[in-house]
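Have a look at the structure below, then the notes.
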Amino acid sequence: MTPPLKIALVSVKPGVGKSTSGLFMAQSLADRGWDPLLVDADKGASCLGWMQDAGGLAYPVIGQPITTLHRSLPALEQGRRAIVVDVPQLEDHAAIARSALVYADVWLLPLAPGGMEVRRTIRQLRVALDDARDLREQLGRSRDPLVEMVLLTRTNRPYATKTGPDAEFRNALTEKGFRVMNSVIPFHDDLYRQSYGYPIDTSGTTYPAAMAEVIEAWEEASR
């Protein structure tokens, strides 16, 4: 049986659209017929709360805010084609985040373009990811995931720009060795924050394109 696509969405701090991205990307997978499972590993339980308020979603959401995700999640795959893990912010829950990163084959790093605070965040992120790599190695797994990509969120435009602050941030990340996705998630309160607690509709969003890009990268790396 082909192993499932296993994605961990990871950020250092809250407020970058990580949980929203997990929900909308899981919906994009469900729209493709991939039968995803969304794992809410954050003690804040934003994804579980959304599912409850919406009266259920097109896919199951379970809570697993534990430090042994790499041991518990394989038993929950149950033939599903995709597992998406909403990882709690690294600055507060490093042990849970490391366990999720050990489990996942795809590390997706949502980041919102910004200034000095984001530069500090990038440094923290690099250290945390290296810690996860060390743990993977200690457990006899490949040090690196199959795919590691930055997803730019809360951008000014719904596409990758060639100039302006979004482009400058993309270039700075690339220079630091990060792989940045071509797909971006623009700032749009009506589509995201204001839709909390309602069934998820990905139409009009860039999440289907982002999910297609992740799948393509994963399939290429898996060959």
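The values are calculated or read from the model by the stated rules, or taken from the named source; none is laboratory data. Just so you know, these numbers come straight off a predicted model, no measurement behind them. Cβ sites come from the backbone with ideal geometry, for glycine too, and all protein chains shown count toward neighbours.
Key figures for this structure:
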| item | result |
| --- | --- |
| Condition met for residue 221 (under 18 Å from residue 150 (Cβ atoms) and crowded, with 17+ Cβ neighbours inside 10 Å) | no |
| Residue identified as part of a helix (DSSP H, G or I), of a type outside the set (Asp, Glu) and either modelled with pLDDT under 95 or surrounded by 15 or more Cβ atoms within 10 Å (Cβ to Cβ) (or both) among 167, 160 | 167 |
| Boolean, residue 134 is at pLDDT 95 or above, farther than 27 Å from residue 34 by Cα and not in a strand (DSSP E or B) | yes |
| Residue selected from the range 137-155 under the condition touching a residue at least 24 places away in the same chain (Cβ under 8 Å) and more than 20 Å from the chain's Cα centre (by Cα), by the criterion nearest to residue 112 (Cα to Cα) | 141 |
| Filtered residues of the range 193-218 (kept if under 15 Å from residue 152 (Cα atoms) and part of a loop (DSSP other than H, G, I, E, B)) | 205, 206 |
| Among (1) in a helix (DSSP H, G or I); (2) among the β-branched types (Val, Ile, Thr); (3) surrounded by 19 or more Cβ atoms within 10 Å (Cβ to Cβ), the one test that residue 127 misses | (3) |
| Hits in the range 122-136 - residues which are free of Cβ contacts under 8 Å to residues at least 24 places away in the same chain and more than 26 Å from residue 219 (Cα to Cα) | 123, 127 |
| Subset of the range 199-210 [closer than 19 Å to residue 51 by Cβ and either at pLDDT below 95 or not hydroxyl-bearing (Ser, Thr, Tyr) (or both)] | 199, 200, 201 |
| Odd one out for residue 143 among (1) part of a helix (DSSP H, G or I); (2) among the basic types (Lys, Arg); (3) under 25 Å from residue 176 (Cα atoms) | (1) |
| Where a residue in the range 5-24 is closer than 14 Å to residue 46 by Cβ and its partner, wherever it lies, is charged (D, E, K, R) and outside any strand (DSSP E or B), with Cβ under 8 Å and at least six apart | 9/18; 11/18; 19/42; 20/193 |
| Among residues of the range 5-33, those that are touching a Phe, Trp or Tyr at 6+ places or on another chain (Cβ under 9 Å) and over 21 Å from residue 125 (Cβ atoms), counted | 8 |
| Qualifying positions in the range 170-192 - charged (D, E, K, R) and either part of a strand (DSSP E or B) or more than 17 Å from residue 18 (Cβ to Cβ) (or both) | 170, 175, 176, 179, 190 |
| Qualifying residues in the range 1-39 (those that are in contact with a Ser or Thr (Cβ under 7 Å, 6 or more places away or on another chain) and outside any helix (DSSP H, G or I)) - the one modelled with the highest pLDDT | 9 |
| Of all residues in the range 137-157 being at pLDDT 95 or above, surrounded by fewer than 19 Cβ atoms within 10 Å (Cβ to Cβ) and in contact with a helix residue (DSSP H, G or I) (Cβ under 6 Å, 6 or more places away or on another chain), the one that is nearest to residue 219 (Cα to Cα) | 146 |
